[in-house]
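Written out below as structure tokens is the structure these notes cover.
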Amino acid sequence: MGLGTYSRERARDLRALAAEYGLEALITDDYLAVERAVTDLQPELVLGTQMERHIAKRLGIPCAVISTPAHVQDYPARYSPQMGFEGSNVIFDTWVHPLIMGLEEHLLTMFRDDFEFNDTAVPSHLGGEGGGAQQLENVTPLAPVDAAAVAWAVSAEKELRKIPFFVRGKARRNTEHFALEQGLSVIDVETLYEAKAHFSR
């Protein structure tokens, strides 16, 4: 087990807390020092910032972002007052953030080839052990679809591209399986949404 912070202002409090658990707190602004500590400790779970998430991902260790610095705002234990001027900002962000997520195409393109963002990537909190739905108990993996057995209409392909790339592959496979089960040879937009409803049950 380990404990640390990038904030030197919290060093005294954190060292005192670490001592209660028989630990020596790591106080540093060097993320490479943090990476070395995580590598040496090989913990079962990392709770930290977005930087520790990237470190843990490379090491195959489960991680959950619980504090800043972070790329997104919807993480636990964040500073989020509900009253006054700051509270107004929090409430505004709570509404706006979900509305703009998914529209940042430049970010999707920028990270398209990143090892963390692809059709087979698993959530950070699962580390190297996560394998998506196919590794869950009592879930039978879908067999590969014969690409020649079903075709995509241009309108359906266009609609499919609106789905974030990191789940697009799964959406394509599910839709193709659904179409084959329904005896369809062409997937149109309506089929795409019928498949989505079918697999959401």
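The values are calculated or read from the model by the stated rules, or taken from the named source; none is laboratory data. Small disclaimer: the values here were computed from a predicted structure and weren't measured. When we count neighbours, we look across all protein chains shown, and the Cβ atoms used for this are built from the backbone with ideal geometry, even at glycine.
Values for this structure:
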item: Near pairs, Cβ below 7 angstrom, 6+ apart or cross-chain, from segment 154-173 (under 11 Å from Leu192 (Cβ atoms)) to any residue that is of a type in the set (Val, Ile, Thr) and surrounded by fewer than 16 Cβ atoms within 10 Å (Cβ to Cβ); result: Ser155/Val189; Ala156/Val189; Glu159/Val189
item: Positions within segment 1-17 being out of contact with any Pro (no Cβ under 7 Å at 6 or more places or on another chain) and within 22 Å of Ile61 (Cα to Cα), in sequence order; result: Leu3, Gly4, Thr5, Tyr6
item: Identity of the residue in segment 28-56, in contact with a helix residue (DSSP H, G or I) (Cβ under 6 Å, 6 or more places away or on another chain) and farther than 16 Å from Ser67 by Cα, that ends up surrounded by the fewest Cβ atoms within 10 Å (Cβ to Cβ); result: Glu35
item: Hey, Ala147 of a type outside the set (Phe, Trp, Tyr), buried (at least 17 other Cβ atoms within 10 Å of the Cβ) and at pLDDT below 90 or not; result: no
item: All positions within segment 165-201 that are part of a helix (DSSP H, G or I), of a type in the set (Ser, Thr, Tyr) and under 17 Å from Ser155 (Cα atoms); result: Thr175, Thr191, Tyr193
item: Qualifying positions in segment 57-88 - surrounded by 18 or more Cβ atoms within 10 Å (Cβ to Cβ), at pLDDT 80 or above and not aliphatic (A, V, I, L, M); result: Lys57, Pro62, Cys63
item: Segment 49-61: number of residues that are on the phi > 0 side of the Ramachandran plot and in contact with a Cys (Cβ under 7 Å, 6 or more places away or on another chain); result: 0
